[in-house]
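In what follows, a single structure is set out as structure tokens and then discussed.
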Amino acid sequence: MATGKEIVVSGIRSTGFLHLGNYFGAIRNYIRMQEDYDCYFFVADWHSLTTHPDPKDLRGNVFRVLAENIASGLDPEKVALYAQSDVPEIAELYLLLNMLAYKGELEKVPTFKDKVRLQPQNVNAGLLTYPVLMSADILVHRAVKVPVGKDQEQHLEMARNFAQRFNNRYGQLFPEPVAFNFGDNLIRIPSLDGTGKMSKSENEMATLYLADTDEQIRKKIMKAKTDSGPLEPGAPMPETIANLFLLMQQVSAPAVISDFERAYQDQAIRYGDLKKQLAEDMVRFIAPIREKAQELQQDKPYLNRIMKAGAEKARASAAQTLQAARKLIGIDYY
Ligand code: TRP
């Protein structure tokens, strides 16, 4: 698939429900990239096995995550959208890269150390080699750009190290991938209780999910923390209030936002009205995505068609890389 465009890879976790933070962080980046890059986006279902999910849940999660991404604007005609497990070449490259990955460096990875603390009863080898599998995901397409958040920077650095080690030992094959984000898309979507950012698993009442009903959206926003209002003109905005404005900036009309900003300056703001407005605008934003995602999840034949087409494209690209890798290593016999 030589389009001459730069190659982009990203993996979507298959656990948990997508929320507003995922939308304004990852998904919106994907949507912008799909126009200008040769994109490979996949559901990282193998990665999710490190925590031994229930098979019934896993299947549903994969379909839901695919549906939510498409409903948010990812176009399967423009990008290869697939399940990691449908591309066995990734597993083969993972095996090859494992020979270049050292136990010591893997044990030092902060995400691994976190898992050891969180699930001491299940410190499996898949967990230890998570960064190797992730590197295989990326290097298998010889990608140069990887749209991921800051929390993945260490994993990307490892991917660069493995690429370099392979190239030094066997000959030039892999470019060194770097993290990529459109600069203005780095907004962190704060949680509704002012304790950090929205999260897939923690604090469901403070996180707006793309699958939330209108009622849930309204309830969560109306419960968001506020205070008794600015005490003097021009008082600096407390974080909880600034967070509500930040959310408003994503979904409300500019004139509406400036009205509330002026009301705040004039100490005439009523937070109940602000939250009601935000709730309605948020409902208008999320409802079409939720409905579209539901519709897609019911259309298994369509999702299967997308996944198969995506896997086919991914396998074609991956097969070329593996063929070159085998040859360089000396395991091409025929
Ligand atoms: N580790 C990533 C995360 O937790 C998901 C992921 C798996 C990924 N493989 C990848 C991201 C390859 C980018 C490229 O979000």
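The values are calculated or read from the model by the stated rules, or taken from the named source; none is laboratory data. Remember, it's a predicted structure, so these values are computed and weren't measured experimentally. Cβ placement follows ideal geometry from the backbone for every residue including glycine, while neighbour counts extend to all protein chains displayed.
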Under the condition of being closer than 18 Å to Asn243 by Cβ and among the acidic types (Asp, Glu), which residue from the range 261-279 is surrounded by the fewest Cβ atoms within 10 Å (Cβ to Cβ)? Asp273
Restricting the search to the range 110-142, which residues are of a type outside the set (Val, Ile, Thr) and outside any helix (DSSP H, G or I)? Gln119, Asn124, His141, Arg142
Ala44 fails exactly one of (1) under 14 Å from the mean Cα position of the chain (by Cα); (2) more than 12 Å from the ligand (Cβ to nearest atom), namely (2)
Just a yes or no: is a residue in the range 185-194 closer than 30 Å to Thr321 by Cβ and not in a loop (DSSP other than H, G, I, E, B)? yes
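To keep it simple, each residue is scored yes or no on (1) charged (D, E, K, R); (2) crowded, with 20+ Cβ neighbours inside 10 Å.
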site	(1), (2)
Glu35	yes, no
Tyr40	no, yes
Glu89	yes, yes
Leu97	no, yes
Taking the range 47-62 on its own, how many of its residues are under 18 Å from Leu118 (Cβ atoms), within 15 Å of the ligand (Cβ to nearest atom) and of a type outside the set (A, V, I, L, M)? 5
Here are Val116, Val109: which of them is in the same structural domain as Val87 (by TED's automatic domain parsing), within 15 Å of the ligand (Cβ to nearest atom) and over 19 Å from Asp45 (Cα atoms)? Val109
Number of the exception - Phe17 against (1) crowded, with 22+ Cβ neighbours inside 10 Å; (2) closer than 26 Å to Leu246 by Cβ; (3) not charged (D, E, K, R): (1)
When both residues are 6+ apart or on different chains and their Cβ atoms are under 7 Å apart, which pairs have a first residue that lies in the range 1-27 and is within 14 Å of the ligand (Cβ to nearest atom) and modelled with pLDDT of 90 or more, and a second that is of a type in the set (Asp, Glu) and not in a helix (DSSP H, G or I)? Ile7/Asp38; Val8/Asp38
For the range 143-179 the number of residues that are at pLDDT 95 or above, within 20 Å of the chain's Cα centre (by Cα) and not in a helix (DSSP H, G or I) is 6
In the range 195-225, the residues that are under 16 Å from Arg270 (Cβ atoms) and surrounded by fewer than 16 Cβ atoms within 10 Å (Cβ to Cβ): Met222
Residue under evaluation Pro76, criteria (1) within 15 Å of the ligand (Cβ to nearest atom); (2) crowded, with 20+ Cβ neighbours inside 10 Å; (3) not charged (D, E, K, R), criterion not met: (1)
With the structure loaded, tell me whether Tyr30 is assigned to a helix (DSSP H, G or I) and surrounded by 20 or more Cβ atoms within 10 Å (Cβ to Cβ) or whether it fails that test. yes
If you take the residues of the range 120-149 that are away from the ligand (no atom under 12 Å from the Cβ) and of a type outside the set (A, V, I, L, M), which of them is surrounded by the most Cβ atoms within 10 Å (Cβ to Cβ)? Thr129
Six or more apart or on different chains, Cβ atoms under 6 Å: show the pairs whose first residue is in the range 253-267 and part of a helix (DSSP H, G or I) and whose second is modelled with pLDDT of 95 or more. Ile257/Met248; Phe260/Leu274
Take the residues in the range 102-116 that are of a type in the set (Lys, Arg) and within 20 Å of Glu153 (Cβ to Cβ); name whichever of them is surrounded by the most Cβ atoms within 10 Å (Cβ to Cβ). Lys115
Is it true that Val256 is surrounded by fewer than 18 Cβ atoms within 10 Å (Cβ to Cβ) and of a type in the set (Val, Ile, Thr)? yes
